[in-house]
Structure formats: C-alpha cells, structure tokens
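The values are calculated or read from the model by the stated rules, or taken from the named source; none is laboratory data. Predicted model only: the values in this text are computed from it and were never measured. In this analysis, Cβ positions are derived from the backbone assuming ideal geometry, glycine residues included, and neighbour counts consider all displayed protein chains. Note: accessible area is taken over every heavy atom of the protein model, side chains too, but ligands, DNA and RNA are not part of it. Shrake-Rupley method; radii C 1.70, N 1.55, O 1.52, S 1.80 Å.
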Amino acid sequence: MRYTLRQLEYFIAAGETGSITLASERISISQPSISTAISHLEQELGVQLFVRHHAQGLSLTPVGRKLLAEAKHLIEQAEGLYAVASEATDQVRGQLSVGCMITLAPMIIPELSHGFTSAFPGTQIRHVEANQELLLEGLRRAEIDIAVTYDLKIPDGISFTPLASLPPHVVVSEAHPFAQASAVSLQELAEEPLILLDLPISAEYFLALFLKEGLQPRVHSRSAHQEVVRTMVANGYGYTLANVRPRSDLALDGRRVVRVRLAGEHRPMVVGLATVTHFKKSRLLQAFQTHCRSFISDAYIPGMVAPAIDRRQRKG
C-alpha cells in the first residue's frame with residue numbers, strides 16, 4: 001500500500017469542501033501539500049478523483065465520490081484504534097467530531113474545545129457548525145459524534161442531555177424606545193418590524209411564541225445569519241428575538257444593541273448534548289460529555305453573559 005492515511009485525510013478535506021483553498025483552511029495544511037497528496041492518490045489508484053474547474057474549485061468524479069465514502073470509513077476505522085487503546089490503558093486519545101448549533105458555536109466552541117484538548121493533550125476536536133436539521137442528520141449518518149445544540153424537535157433514536165436554559169428575550173437598538181423598558185410584551189412587539197433569524201426549526205420556535213398568544217408578528221426581513229440580524233437591529237430596522245446572550249453588546253459594525261426582558265412565561269431553548277441513543281460511547285466521547293457538563297450550566301455558559309449579571313443590568 002503506497003498511500004498514507006494523511007493523504008486520505010487531505011483528499012477527504014478537499015472532497016468535502018470542493019476546494020483546495022477551503023481544505024487548506026479547514027485542516028491548516030498548505031495548499032501545495034494537499035494538491036500533491038491528491039495527485040499521488042490519483043496516480044497510485046489509477047483514477048481521476050476530481051474535475052478541476054478554473055477559479056471555481058473542484059468537483060468529485062463518480063469514482064471520486066465512491067472513494068470519498070470509503071476513505072472516510074477507513075479513517076474512522078483507523079481512529080478506532082485510539083479508542084481501543086484508550087479503553088485498554090485508561091487514556092483518552094483520538095479525534096472527536098463535535099457538531100454545534102451555528103448560533104451557539106462562536107461563543108461556546110472555542111472555550112469548550114480548548115479546555116478539553118488542554119486537559120487531554122492526546123485528543124483533537126473537529127468542529128461542524130450547522131443548523132438544527134443538519135446536526136440531527138449528521139448524527140443519524142454518523143458524520144458527527146455529538147452535537148451541542150437545542151432541545152428542538154429531537155427525534156426518536158437521538159438522546160438529549162440538558163445542560164442550561166436560555167429563555168427568549170428582545171434585542172433592540174440603543175436608540176429604540178423599548179431600550180429603556182424593563183420588559184416588553186409580545187402584544188407590544190406585534191406591530192413592530194421583526195428581523196427574524198430564519199434558521200430551520202429556530203424560526204418556527206420564535207413565530208410560535210406569537211401564535212400561542214393569538215398574535216401575528218410583522219416580519220420586516222429575514223436572515224439565516226445571526227450577525228446580519230444583530231447589525232440590522234443595531235441600525236434601527238426593527239427588533240429581534242433571541243435566546244443567546246453574547247458578552248458583547250456590539251454588532252459587527254460597532255453599533256450597540258440592548259437586551260430587554262420578554263414579559264410573560266415562555267418556553268426556553270435548552271442547550272444540551274445530542275447523541276445517537278444506541279451507539280456505544282467510547283471513553284473519548286464519555287470524557288467529552290463529562291467536560292461539557294462541568295463547563296455548561298445555568299450558572300455559566302462559555303461566551304455568554306451570566307443570568308445573574310443579566311438581571312443586574314436590567315435592574316440598573
């Protein structure tokens with residue numbers, strides 16, 4: 001066998017991203033190294049893995065798609081050797097694929113992952129950021145090992161371990177009349193322009209808050225990108241509803257937003273861990289779950305304002 005697991009990893013990165021540049025960014029390897037690895041595999045296996053498109057990246061050939069699936073399976077088996085060794089030696093080693101809800105990932109994942117790999121130097125974490133639908137599908141297809149996400153529409157066959165509750169709140173610009181209010185009701189919001197975070201399942205959650213009260217919000221615009229929503233709100237286009245509590249109250253353009261309590265009792269989003277119910281959990285996965293339970297709680301969520309601080313800000 002005259003190819004290496006490392007070359008297969010480079011091929012997988014290029015196949016999944018459809019770009020040498022993106023593959024290089026994803027695995028922190030130079031573009032020439034990835035190109036060389038792919039050329040070696042094509043020569044060794046006697047097949048063409050990709051069609052090269054000038055200035056438009058790569059697309060897998062039919063045989064390339066088949067070999068991508070086999071290569072991923074082979075890498076998973078190779079990583080399984082670490083799991084077997086960990087079980088025998090009580091060491092925690094290997095690579096873990098961790099999915100995270102895209103709205104939570106910028107705040108939670110950096111601190112969570114760094115804390116884990118610092119505690120267990122023989123481990124690596126591969127991040128996958130996606131919406132709820134894609135995370136659940138990734139778990140079912142064994143593309144990720146665990147997901148840090150919300151308790152929204154968890155299907156049979158997926159186990160969910162709750163860690164912390166995030167009740168909904170209102171976000172407005174600092175110049176908005178509601179910015180000085182101690183609380184705002186859904187009735188008051190219904191006639192105001194809503195900038196909706198338009199992600200699968202998440203959007204349904206926010207709209208259902210109004211429907212439960214017999215109200216119809218006035219949706220001004222939608223975006224699947226949390227920072228676009230925050231920047232539009234900061235610029236006075238309207239308000240939004242959110243559950244995450246970033247430590248920074250600045251939008252990406254430097255304008256300020258203000259969190260205001262949503263009056264009434266509303267179902268919170270619960271942050272937790274989703275895993276496939278019937279899969280045997282490796283020592284690595286068990287260690288990561290324990291780490292998450294110690295890092296994420298109602299008292300502290302990485303990257304977010306603590307509930308107690310949030311309450312003091314509202315009183316002040």
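Before moving on, here are some points about what is shown:
- Test result for residue 4, at pLDDT 85 or above and open to solvent by less than 80 Å² (accessible area, probe 1.4 Å): yes
- From 193, 217, 162, residue being modelled with pLDDT of 95 or more and crowded, with 19+ Cβ neighbours inside 10 Å: 217
- In segment 37-70, the qualifying residues are those that are within 18 Å of residue 24 (Cα to Cα) and small (Gly, Ala, Ser), and the one that is most open to solvent (accessible area, probe 1.4 Å) is 55.
- Tally of residues being in contact with a His (Cβ under 8 Å, 6 or more places away or on another chain), in a loop (DSSP other than H, G, I, E, B), open to solvent by less than 40 Å² (accessible area, probe 1.4 Å) and under 17 Å from residue 181 (Cα atoms) across segment 229-284: 1
- Segment 128-141 residues that are in contact (Cβ under 8 Å) with a residue 12 or more places away in the chain, paired with ones that are part of a helix (DSSP H, G or I) and among the polar types (S, T, N, Q) (beta carbon under 9 Å, 6 or more apart): 131/202; 132/202
- Residue satisfying all of: in segment 90-137; open to solvent by 80 Å² or more (accessible area, probe 1.4 Å), under 15 Å from residue 286 (Cα atoms) and not charged (D, E, K, R); modelled with the lowest pLDDT among these: 91
- Subset of segment 1-32 [in contact with a His (Cβ under 9 Å, 6 or more places away or on another chain) and assigned to a helix (DSSP H, G or I)]: 7
- Any strands (runs of 3 or more DSSP E) falling wholly within segment 112-228 and containing at least 1 residues that are of a type in the set (Phe, Trp, Tyr): 146-150, 158-166
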